[in-house]
Amino acid sequence: GSGKSTLLSILGGRLAGRHSGTVLAGGRAPSRFVQRRTGFVAQDDVLHPHLTVRETLTFCAMLRLPRSAPAATKAAAAEAVIAELGLGACADTIVGNAFVRGVSGGERKRVSIGHELLVNPSLLVLDEPTSGLDSTAAARLVATLSALARKGRTVVLSVHQPSSRVYSMFDSVLLLAEGSCLYIGAGRDAMDYFASVGFAPGLHVNPADFMLDLANGESYVRLQATL
């Protein structure tokens, strides 16, 4: 309810209608070229459960890559994405869903990410990609996204209550509460910022847990006042 999905939908060009503020890319309104280079991964995976991982990505490549590209080139692009996302071990396993046994939740999310990587986006936007995953699977997924960012892409994702291991991978953090910004800046500087304005936890905690409690006014976060 803080506005994460709404914000990402606007940034990704997926939300029509009225909203305040202005979205700029390079100081100008996003052009169709910018929109084509923006990948958006929704929170819910919309995949055919009876296709294998390789079939899913190959089919997507055939549809999304230019008509002028040969079929062999499109198949090679799908294989490259499978390798980049570490899906080789499950490439011939069906995707599955809640009713059909298939790949794991983390692997299914990586298949959804692969859909967008096929068009080689400069900006990759993901809406809560770690939802429904355990801490280990979430950490592996965020590590994969971090590796993509190190290769020159900009990766923006919303996440609810990440583990301390996941939080340590964030370069920049935007903390929202009811649509308002409480903090924006380097992830490693967030705790120092809140301490500088008088808020610090009374014990050693996961920074994400502390900020979530602070945003919700939990009582264990104490105001440190200097008289």
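Key figures for this structure:
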read-out: Percentage of interatomic Cα-Cα distances in the chain larger than 32 Å; value: 27
read-out: FRET efficiency, 1/(1 + (r/R0)^6) with R0 45 Å, evaluated for Ser180 and Arg64 via beta carbons; value: 0.75
read-out: DSSP-defined antiparallel bridges as percent of all bridges, the chain, nearest 5; value: 55
read-out: For Tyr183, distant residues with modelled amide H under 5 Å away; value: Leu175
read-out: Charge dipole of the chain about the Cα centre (unit charges at C-beta), most positive-ward option of Thr93, Met211, Val81; value: Val81
read-out: Computed over the stretch 162-214: relative contact order in percent, which uses C-alpha pairs under 8 Å that are six or more apart; value: 36
read-out: Hydrodynamic radius by Kirkwood, which averages 1/r over all alpha carbon pairs of the stretch 4-106, in angstrom; value: 16.1
read-out: Solvent-accessible surface ranking, highest first, for Ser5, Ser135 at 1.4 angstrom; value: Ser135, Ser5
read-out: Relative contact order %, the chain, counting alpha carbon pairs below 8 Å whose residues are six or more apart; value: 20
read-out: Computed accessible area, Arg54, all protein chains, 1.4 angstrom probe, square angstrom; value: 70
read-out: Net charge of neighbours whose Cβ lies under 13 Å from the Cβ of Gly105, counting Lys and Arg as +1 and Asp and Glu as -1; value: 0
read-out: Label-point gap, in nm, between Asn216 and Ala25 - each point 7 angstrom along Cα→Cβ; value: 3.6
read-out: Point-charge dipole on Cβ atoms (K/R +1, D/E -1) for the stretch 40-95, about Cα centre, debye to 20; value: 280
read-out: Dipole moment magnitude, nearest 20 debye, the stretch 1-102 about Cα centre, only Lys, Arg, Asp, Glu C-beta charged; value: 600
read-out: Mean-position separation - Cα centroids, the stretch 93-133 and the stretch 32-86, in angstrom; value: 11
read-out: Exposure rank, largest accessible area first [Ile10, Ile184, Ile82; 1.4 Å]; value: Ile184, Ile10, Ile82
read-out: Ranked order, Asp45, Asp92 - accessible area, probe 1.4 Å, largest first; value: Asp92, Asp45
read-out: Qualifying trypsin sites (Lys or Arg not before Pro) for the stretch 123-182 [loop in DSSP, other Cβ within 10 Å: at most 12]; value: Lys151
read-out: Cα-centred dipole magnitude for the chain, charges only on beta-carbon of K, R (+1) and D, E (-1), debye, nearest 20; value: 920
read-out: Accessible area (Å², 1.4 Å probe, nearest 10) - Thr93; value: 50
read-out: Longest segment of the chain lacking chymotrypsin sites (Phe, Trp or Tyr not before Pro) that sit in a DSSP loop with at most 12 other Cβ atoms within 10 Å; value: 100-219
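The values are calculated or read from the model by the stated rules, or taken from the named source; none is laboratory data. It should be emphasised that the depicted structure is a prediction, and the values quoted were computed from it without experimental measurement. Positions of Cβ are backbone-derived with ideal geometry, glycine not excepted, and every protein chain shown enters the neighbour counts. Side chains included, ligands, DNA and RNA excluded: accessible areas come from the protein's heavy atoms. Shrake-Rupley method; radii C 1.70, N 1.55, O 1.52, S 1.80 Å.
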